[in-house]
Amino acid sequence: LPERLTKSDTQIPNNQLLQESFTLDIQNIQKTMAAQKDEDLEDTIQSLSKARRIYILGMRSSFAIAHYFTSRIGEIKENVKLIQSTGMIYPEEIIEAGEGDVCVAFMFPRYSKMVAASLSWMKNEGVKIILITSLNAAAVSGYGHIILPCSISSNYFKNSLAAPLCLTNFLTAALAEYNVDESRQVLQKIESLLSQGFYLGL
């Protein structure tokens, strides 16, 4: 990483940096769209819809997108669990996982050994693994039943997660349409709770 953060004698103008950053993210999104297979997306939606429990896993920078995805599908689907690994208690968080459960894992370079170990254990227990990873996923493809590849290229010191974020937005919208009745019921429960004074003016 230090080598990627290079200093230049001439600073890049902010408007040029803005253009480069947005252009690259748009390209990442387009490459990610092109890399998706209809059958894998359909299998993902059906698996999430039928799941007894849904586990969401992502470490380090991927934790942010895992948390975002959990908050979104948690509004339309019950029994959604974010694996937080606070204090390294991740074994206890997945100990009940088994047949009928699904785990959505975000796994990008540099690959976490803890995530790999967790996925291997859950896969052996009969959990269906949906792996959202980079386009060059050969090193980790064995950990998932379904692979959803994403372009995460960046000219700067960290990878871009714009495309994986867009993919989670699609999965949330597709799951809501696939499961309209359950989605409506869960949303109604949430709104009933939030109406108790969680927001200003309400």
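Can you give the angle from 0 to 90° between the axis of helix 14-35 and the longest principal axis of the chain, with both taken from C-alpha atoms, to the nearest 10? Once rounded, the angle reads 50 degrees.
Using a 1.4 Å probe on the protein heavy atoms, what percent of the accessible area of the chain belongs to carbon and sulfur? Working shown, then result.
On the way: 6470 of 11920 Å².
Within the chain, the accessible surface is 54 percent carbon and sulfur.
Solvent exposure of Cys150, expressed as accessible area, is near 0 Å², computed with a probe of 1.4 Å over the protein chains only.
In a fully extended conformation the segment linking Met114 and Ala138 would gain 6.8 nm over its present Cα-Cα distance, using 0.36 nm per residue. Remark: the chain carries 59 Å² of accessible area per residue (probe radius 1.4 Å; ligands, DNA and RNA excluded).
The values are calculated or read from the model by the stated rules, or taken from the named source; none is laboratory data. Please read all numbers here as calculations on a predicted model, not as lab measurements. The accessibility values were calculated without ligands, DNA or RNA, using every heavy atom of the protein model including side chains. Shrake-Rupley method; radii C 1.70, N 1.55, O 1.52, S 1.80 Å.
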